[in-house]
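These notes concern the structure reproduced below.
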Amino acid sequence: MTIVGLTGGIASGKSTVADYLAHLGAEIIDADAIARDIVKPGSPALKEILHFFGPGVLHDDGTLNRKNLGSIVFNAPSALQSLNDITHPKITDVVLSKIREFKENNSEKKMLILMAPLLIEVGLDKLVDKVWVVHVNTETQLQRVIKRDKLTKETAQKRIKSQLPEEKRLKHADEIIDNNGSWENARKQTEKLWIKYTNCTTH
């Protein structure tokens with residue numbers, strides 16, 4: 001069994017690639033879903049965030065107001081680092097637990113995918129056998145972020161710049177899925193990698 005870390009910048013198409021790999025038979029651990037889960041009302045992480053950033057980052061019902069928090073951290077690198085210091089260790093603990101659970105209960109599976117936008121920044125790449133990067137160029141990424149998240153160009157650029165530069169991300173890649181073109185092109189690349197690492201055909 002191969003454990004693959006699947007990463008890429010914002011709006012690179014990671015989720016689409018992961019969904020296709022799940023269709024082929026891979027098991028998926030979604031670090032974004034874990035990140036959302038650890039900040040549910042009453043959680044230690046949310047209490048720490050509230051203590052550090054103040055009540056303005058909560059909705060009236062006590063849930064995390066991601067828009068307000070984002071407006072703070074994406075405009076101040078030190079604030080983003082403080083948020084990461086709160087959440088990243090907790091995300092890593094859950095990921096480790098899920099990997100252990102998977103190894104114990106899914107011996108027949110050929111591949112486990114850890115999908116994580118911050119795979120390299122958090123150090124989660126040390127937990128996987130191979131790193132696959134879904135790559136898009138900056139202009140394509142910018143246009144996709146603006147369209148998908150309905151952001152201004154300036155805000156979208158800040159979101160992109162808050163992440164690891166693409167050239168640094170690519171240096172960690174064992175495999176690169178180029179998603180600058182059509183999904184069909186990216187799908188074929190993904191399919192080839194599935195066959196390469198599992199020796200399983202897709203038909």
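The values are calculated or read from the model by the stated rules, or taken from the named source; none is laboratory data. Bear in mind that the values here come from a model prediction, so they are computed numbers and not experimental data. Neighbour counts run over all protein chains shown; Cβ positions are idealised from the backbone, glycine included.
Tell me, yes or no, whether the stretch 137-145 has at least one residue that is within 28 Å of LEU58 (Cα to Cα), without any contact (Cβ under 8 Å) to a residue 60 or more places away in the chain and hydrophobic (A, V, I, L, M, F, W, C). Checking the stretch 137-145: not a single residue is within 28 Å of LEU58 (Cα to Cα), without any contact (Cβ under 8 Å) to a residue 60 or more places away in the chain and hydrophobic (A, V, I, L, M, F, W, C). Of ASP85, ASP93, ASP60, all but one fail to be free of Cβ contacts under 8 Å to residues at least 12 places away in the same chain, assigned to a loop (DSSP other than H, G, I, E, B) and out of contact with any Gly (no Cβ under 8 Å at 6 or more places or on another chain); the exception is ASP60. Condition check: within 16 Å of THR155 (Cβ to Cβ), among the aliphatic types (A, V, I, L, M) and in a helix (DSSP H, G or I). Does ILE72 satisfy that? So ILE72 fits the description; yes.
Counting only residues that are part of a helix (DSSP H, G or I), free of Cβ contacts under 8 Å to residues at least 24 places away in the same chain and within 17 Å of SER78 (Cα to Cα), the stretch 43-57 holds 3 of them.
Residue-by-condition table, conditions (1) charged (D, E, K, R); (2) touching a strand residue (DSSP E or B) at 6+ places or on another chain (Cβ under 9 Å); (3) modelled with pLDDT under 90:
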position	(1), (2), (3)
LEU127	no, yes, no
VAL136	no, yes, no
ARG159	yes, no, yes
ARG169	yes, yes, no
HIS172	no, yes, no
GLU175	yes, yes, no
TRP183	no, no, no
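Matching residues to (1) within 29 Å of ASP129 (Cα to Cα); (2) surrounded by fewer than 15 Cβ atoms within 10 Å (Cβ to Cβ):
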residue: SER12; (1), (2): yes, no
residue: LEU21; (1), (2): yes, no
residue: HIS59; (1), (2): no, yes
residue: LEU69; (1), (2): no, no
residue: ASN75; (1), (2): no, yes
residue: THR92; (1), (2): yes, no
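There is no residue in the stretch 66-88 that is under 21 Å from VAL17 (Cα atoms) and among the basic types (Lys, Arg). The residues of the stretch 67-102 that are in contact with a strand residue (DSSP E or B) (Cβ under 8 Å, 6 or more places away or on another chain) and farther than 22 Å from PRO44 by Cβ amount to a single one, PHE102.
Check the stretch 57-73 and report whether any residue there is more than 30 Å from ILE146 (Cβ to Cβ), of a type outside the set (Gly, Ala, Ser) and touching a helix residue (DSSP H, G or I) at 6+ places or on another chain (Cβ under 8 Å). Checked against the condition, which is being more than 30 Å from ILE146 (Cβ to Cβ), of a type outside the set (Gly, Ala, Ser) and touching a helix residue (DSSP H, G or I) at 6+ places or on another chain (Cβ under 8 Å), the stretch 57-73 yields no hits at all.
No other residue among THR63, THR152 is modelled with pLDDT of 95 or more and loosely packed, with under 15 Cβ neighbours inside 10 Å apart from THR63. Elements of the type helices (runs of 4 or more DSSP H) sitting completely within the stretch 143-203 and holding at least 1 residues that are under 30 Å from SER78 (Cα atoms): these cover 153-161, 166-171. Does the stretch 38-55 contain at least one residue that is over 28 Å from ARG144 (Cα atoms), polar (S, T, N, Q), at pLDDT 95 or above and surrounded by 12 or more Cβ atoms within 10 Å (Cβ to Cβ)? Yes: the stretch 38-55 contains one or more residues that are over 28 Å from ARG144 (Cα atoms), polar (S, T, N, Q), at pLDDT 95 or above and surrounded by 12 or more Cβ atoms within 10 Å (Cβ to Cβ).
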